[in-house]
1. Can you spot a residue in the stretch A:338-356 that is buried (at least 16 other Cβ atoms within 10 Å of the Cβ), at the interface with chain B (Cβ under 10 Å from one of its Cβ atoms) and either aliphatic (A, V, I, L, M) or touching a strand residue (DSSP E or B) at 6+ places or on another chain (Cβ under 7 Å) (or both)?
2. Look at the stretch A:383-402 and say how many of its residues are among the hydroxyl-bearing types (Ser, Thr, Tyr) and more than 8 Å from chain B (Cβ to nearest Cβ).
3. Go through the stretch A:251-296 and give me each residue that's out of contact with any helix residue (DSSP H, G or I) (no Cβ under 8 Å at 6 or more places or on another chain), of a type in the set (A, V, I, L, M, F, W, C) and not in a loop (DSSP other than H, G, I, E, B).
4. Are there any strands (runs of 3 or more DSSP E) wholly within the stretch B:51-129 with 2 or more residues that are polar (S, T, N, Q) and away from every other protein chain (no Cβ under 14 Å), and if so which?
5. Could we say that A:Gln312 is surrounded by fewer than 24 Cβ atoms within 10 Å (Cβ to Cβ), under 20 Å from A:Thr199 (Cα atoms) and of a type in the set (S, T, N, Q) here?
6. Would a scan of the stretch B:174-185 turn up a residue that is within 16 Å of ligand 1 (Cβ to nearest atom) and in a helix (DSSP H, G or I)?
7. So if I check each of B:Glu233, B:Glu188, which one is farther than 24 Å from B:Ala78 by Cα and surrounded by fewer than 18 Cβ atoms within 10 Å (Cβ to Cβ)?
8. Any residue that is more than 7 Å from ligand 1 (Cβ to nearest atom), of a type outside the set (Ser, Thr, Tyr), within 24 Å of A:Arg376 (Cβ to Cβ) and free of Cβ contacts under 8 Å to residues at least 40 places away in the same chain - is there at least one of those in the stretch B:28-37?
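Every number in this text was worked out from the coordinates using simple rules, so none of it is lab data. From a predicted model like this one, the values you see are computed outputs, not experimental measurements. Here the Cβ positions follow ideal geometry from the backbone for every residue, glycine too, while neighbour counts run over all protein chains shown.
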Amino acid sequence: MTNDHSNPLMQVSPATPGWLKPLRTAAAARYGQLGLPKLRTEAWKFTNLKVLETLAVKPASSGEAHPDLPAALAELDACRILIVDGKVVDHGTLPDGVEAAGLDADAPDWVRETVGTIASIENHPFTALNTAQFDGGIALRVARGKSVETPIHLVHLSTAGATDEAEISHPRVLVIVEDGAILDLVESHQGTGAYIRNTVTEVSVGADAKLGHYKLQADSREAFHVAMTAVTTKGKSSYDNFALSTGSRLARNEVRGHLGGQHIDYHVNGAYMATGDQHLDTSTFIDHAEPNCTSHELYKGVLLENGHGVFQGKILVRPDAQKTDGYQMNRALLLSPTAEINSKPELEIYADDVKCSHGATVGELEDDQLFYLLARGVPRDRARAILVAAYVDEAIDTIDREPVREAFRAVASEWMTHHVAAVG
Amino acid sequence: MALIEIKNLHAEVGGKPILKGIDLSIESGEVHAIMGPNGSGKSTLSYVLAGREGYEVTEGSVTFDGADLLEMDADERAVAGIFLAFQYPVELPGVTGMTFLKEAVNARRKAAGEGEIDAMQFLKMVRAKAKALGVTDEMLKRAVNVGFSGGEKKRNEILQMSVLEPKLCVLDETDSGLDIDALKVVSEGVNALRSQGRSMLVITHYQRLLEHIRPDRIHVLAQGKIQKTGGPELAHELEASGYADFAEAAA
Ligand SMILES: Nc1ncnc2c1ncn2[C@@H]1O[C@H](COP(=O)(O)OP(=O)(O)OP(=O)(O)O)[C@@H](O)[C@H]1O
Ligand SMILES: [Mg+2]
């Protein structure tokens with residue numbers, strides 16, 4: 001297949017409706033200028049993408065076989081929207097108050113007006129690439145004042161077979177929660193074989209609205225997962241984001257939030273668990289533009305074998321954002337001498353009356369805790385799994401929506417049993 | 001037959017010899033006490049029996065219930081019936097008391113080839129035992145020992161002991177940190193566990209505990225060795241004279 005080395009990962013452009021043309025053209029041009037991030041790019045200095053420059057890729061072609069959802073997620077009562085290689089295949093009856101639309105020639109005005117306005121193509125090559133190349137995608141809107149009880153679950157799947165070329169897809173999602181509306185959104189990412197999934201999710205949370213946004217990244221261990229979640233929030237809204245990352249060979253989970261009103265409660269939390277040669281990067285940016293907002297950020301990492309974790313978190317408090325209350329913490333547990341973590345927590349504060357703290361810790365399992373469990377008869381592998389699960393639980397406990405919280409806890413615990421117990 | 005027989009036990013920690021030839025055997029159903037000055041090796045002995053890493057046995061043997069204890073891993077020893085009530089119970093953030101107990105019980109059941117314990121039945125049983133020891137439901141829901149007072153931690157140790165029903169209870173200064181009333185409650189809990197098939201090794205600095213839990217034998221451990229063994233009256237003698245004699249004797 002075509003492998004344009006001046007524009008790595010670029011494929012033949014998909015059909016483009018007229019309304020999208022200017023944005024696509026600009027995005028393609030921008031990607032051409034930016035190219036793939038290099039280590040010398042500050043925002044990517046811990047995540048080496050050299051392998052992508054020469055990787056043979058082809059557009060994703062939908063196969064049949066895909067992995068089942070983890071049992072705990074499958075049991076969650078939700079409206080599921082199946083997105084295979086970026087294309088919406090199927091969705092059940094949407095809950096009352098929610099409408100869905102494609103990003104195509106039939107897209108309604110609310111879609112055309114918003115796509116590309118939240119996730120910027122300027123400084124982010126993968127967002128530019130997604131914008132230039134997405135094929136399909138979905139937009140969801142919750143009507144003003146509607147409280148949606150049933151969560152919506154976006155089931156992202158990729159189905160690359162055994163092949164020398166990695167299949168690339170660019171899922172594109174837009175979620176608008178209008179003023180006073182309430183929604184819980186779950187997304188899961190899974191697949192088989194070698195693929196690159198470059199997702200962009202644009203989220204708009206209206207005034208007094210509430211969105212829970214919970215992501216499981218359990219992609220294939222041969223996959224590259226790149227995700228940009230760009231969020232904009234209005235006054236008195238709350239946004240609760242959690243990402244559980246266990247999959248892929250290399251993953252970058254990026255969440256950028258703009259707090260554009262007062263009294264916003266903004267949460268970005270997560271847990272990343274890497275083993276083998278996995279590289280899991282979490283990068284966040286929180287933009288406090290207005291006074292009286294709270295942001296809370298806690299990530300917990302568990303790194304086994306040669307697992308490599310990266311955390312880059314930046315909180316910007318603009319001059320107007322007085323009385324900002326910001327907390328940011330990344331904690332990583334290193335369970336092998338060759339595991340590695342790079343943490344870069346960062347505060348940039350231009351207001352003088354704020355309460356912000358940040359930090360990062362690195363630890364190992366405590367011998368005395370392990371012995372306490374052993375001394376009660378719990379076998380070593382189980383004891384380790386219990387302690388690591390307890391470590392991660394602190395992050396999982398932040399998930400606001402209870403059934404989702406318990407489902408994610410079960411998925412994490414399953415991972416412990418398979419991976420932590422096994423390395424003894 | 002002795003439940004546990006310790007012969008000429010030598011052990012070192014961080015390359016430093018601490019136990020220098022302990023001989024001690026406890027018959028089934030007997031309660032023995034160990035007293036001795038700070039740093040004499042009492043906790044070291046308890047850790048060696050429980051199988052803690054870093055406590056290296058350099059000489060001697062320990063036979064427990066007919067088996068070579070020193071060949072077993074810490075978890076195997078616990079399942080075989082050894083229970084150590086820690087001098088400093090460990091905090092386990094994120095692990096609730098109830099989960100902890102269930103894991104411990106299920107580990108034993110699994111080793112015995114049984115299925116997991118019925119959750120409701122277990123809850124009932126634990127609650128009843130907890131109540132008798134003054135451990136509240138709220139404490140069981142909290143993370144193990146996290147934010148517990150010194151006395152609460154000690155009660156919690158005895159609760160675990162009464163749920164797990166070990167063959168040999170090693171109590172390392174369970175009385176320290178307990179107020180007078182708690183000492184009574186905990187002692188009653190311990191006494192309730194005294195039985196024909198169960199032995200105890202009670203480490204303490206104070207005769208007061210031994211008034212509640214009457215031992216069959218008292219040993220004085222100093223300088224890494226049992227210096228003297230006697231009946232309950234020995235505690236009173238020590239209360240009066242201290243350990244000065246033994247420091248000289250061993251030097
Ligand atoms: N890791 C270690 N490295 C070196 N010495 C150690 C280590 N751990 C314990 N020790 C030493 O071993 C000796 C015995 O300690 P142990 O805790 O067994 O005393 P103890 O009799 O229980 O005292 P206490 O009455 O104060 O509880 C002490 O001198 C202590 O400093
Ligand atoms: Mg001691």
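1. Among the residues of the stretch A:338-356, not one is buried (at least 16 other Cβ atoms within 10 Å of the Cβ), at the interface with chain B (Cβ under 10 Å from one of its Cβ atoms) and either aliphatic (A, V, I, L, M) or touching a strand residue (DSSP E or B) at 6+ places or on another chain (Cβ under 7 Å) (or both), which makes the answer no.
2. Looking only at that region, the number is 1.
3. Scanning the stretch A:251-296 gives A:Ala251, A:Val255, A:Leu259, A:Val268, A:Ala274, A:Leu280, A:Phe285, A:Ile286.
4. Details: elements: B:55-64, B:82-85, B:92-96.
Hits in the stretch B:51-129: B:55-64.
5. Yes.
6. No: zero hits.
7. Going through B:Glu233, B:Glu188 in turn, the sole match is B:Glu233.
8. No - not one qualifying residue is present in the stretch B:28-37.
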